[in-house]
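Please treat every number below as a calculation from the coordinates, not as lab data. The shown structure was predicted, so the numbers you read here are calculated from the model rather than taken from an experiment.
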Amino acid sequence: MRWKGRRGSSNIEDRRASGGGGRRPRLRLPGNLGRGGLGQGRGFPGRIGRKGIGGIGAIVLVVIALYFGVDPSVLVQSPQDLNAPQPGTQMPRPADEDELASFVSVVLADTEDAWHKLFEQAGSRYAEPNLVLFTGAVESACGYAQSAVGPFYCPGDRKIYIDLSFYRDLKNNLGAPGDFAQAYVIAHEVAHHVQTLLGISEKVASLRQGASPAESNALSVRMELQADCLAGLWAKQADQQLGIIEAGDIEEALNAASAIGDDRLQKKSGRAVVPDSFTHGSSKQRVRWFERGFKAGDMQSCDTFAADRL
């Protein structure tokens, strides 16, 4: 991917020096989700951990999480469960992390340029999200989360959160190396922000109320596959504007999409593949929708909710 020598985004919050901290988890309700000009939506965070707290507090957190389309376990983890570092702890940084941070900043700027153009073409206006870099654990408007959640988008504060160590996991543990694979991850989370601006998940959250677990998961899959499609649309637009794509880049993105398919992750963890439990889609589905967004290059092609076949 061609990225060096281009501007970085000014919407980066670098919290890496704090090392997360050992504070008690506090829930801040997601605020106004905003309504944009193309539809209706809200994003979902990525993979999350499983620890939790008990009592009335946990029940309240779960109810709120389900309403806002956030997996409850990302909210109910305690610092003790997370093995979070203590306040003021200085976390050592790998040698390549500063360059990775610069890369993330440039990719975020690329998404800004692309989505400003796409929203403008649709007669609307794009509001840029912030991206938070953290190490170990972080507190967001969606709750206290550890690095194991993977990158996620919180609609409550309209911010994307990423621990750069995820990229090492993507390469070493998930078999998806390459800078464009890394860019795909950011583009996917930005796509959840686009869904927030469009208003899509407000309608989805309403549909999920009273739905069975399988029905709720199916709605989540459609949201995630739409985000994959919008990531492909970003890649197309960014390449047209900036010429970012080099030979092999799209293959890297498709490999990353395949690596984090629900079926592949379930197999990797030694579990049976259970489609009704999918929340992000299978590897083939994720690849298919990214390709669809990249090849079609328009928002209408990313309507997963109207699709008969995912």
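Per residue, the convex hull around the alpha carbon atoms of segment 111-256 comes to 120 Å³. The three principal axes of the Cα atoms in segment 143-190 give end-to-end lengths of 32, 20, 12 Å, sorted in falling order.
Relative to one another, the C-alpha centroids of segment 130-191 and segment 221-294 are positioned 15 Å apart. In sequence order, segment 128-142 has phi-based couplings of 6, x, 8, 10, 9, 8, 9, 10, x, 7, 8, 10, 10, 5, 9 Hz under the Karplus curve 6.51 cos²θ - 1.76 cosθ + 1.60, θ = phi - 60°, and Gly or Pro positions carry x.
Percent of Cα-Cα pairs per 10 Å bin, from 0 to the last occupied bin, for segment 192-310, please list those. Taking all Cα pairs of segment 192-310, the binned fractions are 14, 42, 33, 11, 1 percent.
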